[in-house]
Structures are given as C-alpha cells and as structure tokens.
Amino acid sequence: MGSARLQSSVLWAAELHAGQWRDGDNPLPYLCHPLEVLSILRTVGGVIDDDMLCAAVLHDGLEMTSATLAEIEVRFGREVSGLVLDLTRREPDESSLVGLTKDEIWTLRAGMLIEDIAGMGTKAMTIKLCDRISNLREARSVKSVKKLARYQGQTMRILETIPRKTHPILWDLLSSDTVKGQFV
C-alpha cells in the first residue's frame, strides 16, 4: 500500500500543475509527465523508496510552478526537497544570452544540464533517467526530426554522464530507446 505522503505529493502536484499542458497539437495535461516519471520509477525501476517516489512526482515543481523549496521541505521533508533541488534545472542568466543565436542558447543550456546531472547523487540520477525516458517518449510525438535528433544527442550525453551502475534497468531502457528509436 502506498504512503499517505506519496498520495499527498500526487494531489499537491495536481494542484500545482493545474492549467499546464505538455507540448504538441493535442497536448496532455502537464500532470501526466510527473505521474509517468513516478510510474516508470516504481514499475520499471522497482523503486519503493518513499522519498524518491515523492521527489519524482514533484521534480518539476520549482521550475514549472509557484512551489518553493521551503514548502516542499515542510510538506515532505529535507530528503525530498533536496532531491527536487538537485533535479531542478539551472538557467543561464540573461546577460550570458546577449548576442547568442537560438542554437547557441540551446547548446549553453544543454551544457548546464550536463553539469547539473554530473553533480547529482545516485537517487537524483535515477529519477533523472525516468524523467528523460518520459520526455523522450513525448519528444517522438511532438518534436521535428531535427529537434528530435538534437534531443537524442543530448540524451547520449546524459547517458555518458550517469553511470550505468546507477540503475542498469533504467539506463539500458533509455539507452535502447535513444539508439534504436523505440522503447522495448
């Protein structure tokens, strides 16, 4: 039976992400993404660590919603808030973007993402693998061929950064999808 804390994180995520949508012509509610990350972590990854499951649901909370780190810590504890912070993507400051093309900005942001991932602990890296699996699944439906290829290249860099021993099942699934273009 799942924990009351996990159920609370799901309900709060639904509240936080209300009115947000994924990309594409016929988008799904954004909440589908953190729930898919949770599902992959639990059902494919076999993870039962309550802190990790709650963090999976809340992993985009700081980036995409009005939630604060303090709120997450009060509601779900220091371990969950720390994981969410590790999973929160840094953005370049506006001054570093001046004069850059869209492609250069993408390259800068991609480099920052890889740096962030390199600094994560094993638990956060495991959740990141699930996040990327979910995002790559969606990317196949909504990104142009050029953008999808670039995204797959970025995924290969993520796989080079996250050691396979972090979670071999999830790592292999992401690797297989990136190389073959389909999930097994």
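Do you know which of the residues in region 1-47 that are charged (D, E, K, R) and more than 17 Å from the chain's Cα centre (by Cα) is nearest to LEU62 (Cα to Cα)? If you could, list the steps in order and put the result at the bottom.
Residues of region 1-47 that are charged (D, E, K, R), as a first pass: 5, 15, 22-23, 25, 36, 42.
Filter again for more than 17 Å from the chain's Cα centre (by Cα), leaving 5, 15, 25.
Details: ARG5: 19, GLU15: 14, ASP25: 26 Å.
Ranking the qualifying residues of region 1-47, first place goes to GLU15.
Of the helices (runs of 4 or more DSSP H) that lie entirely inside region 64-138, those containing 1 or more residues that are among the hydroxyl-bearing types (Ser, Thr, Tyr) and modelled with pLDDT of 95 or more span 78-87. Restricting attention to region 2-48, the residues being farther than 23 Å from LEU174 by Cβ, of a type in the set (Gly, Ala, Ser) and in a helix (DSSP H, G or I) number 4. The numbered conditions (1) among the acidic types (Asp, Glu); (2) surrounded by fewer than 18 Cβ atoms within 10 Å (Cβ to Cβ); (3) under 24 Å from PRO168 (Cβ atoms) are all true for ASP51 except (2). Cβ-Cβ distances below 8 Å connect the following pairs, each with a first residue in region 36-59 that is closer than 19 Å to ARG78 by Cβ and acidic (Asp, Glu), a second residue that is part of a loop (DSSP other than H, G, I, E, B) and modelled with pLDDT under 95, and a separation of six or more residues or different chains: ASP50/SER3. The C-beta contact set for region 146-163 (first residue in a helix (DSSP H, G or I), second residue modelled with pLDDT of 95 or more and basic (Lys, Arg), distance under 8 angstrom, 6+ apart or interchain) comprises THR155/ARG132; ILE158/LYS128; ILE158/ARG132.
The values are calculated or read from the model by the stated rules, or taken from the named source; none is laboratory data. What you see is a predicted model; the values in this text were computed from it and never measured. Virtual Cβ from ideal backbone geometry, glycine too; neighbours counted across all protein chains shown.
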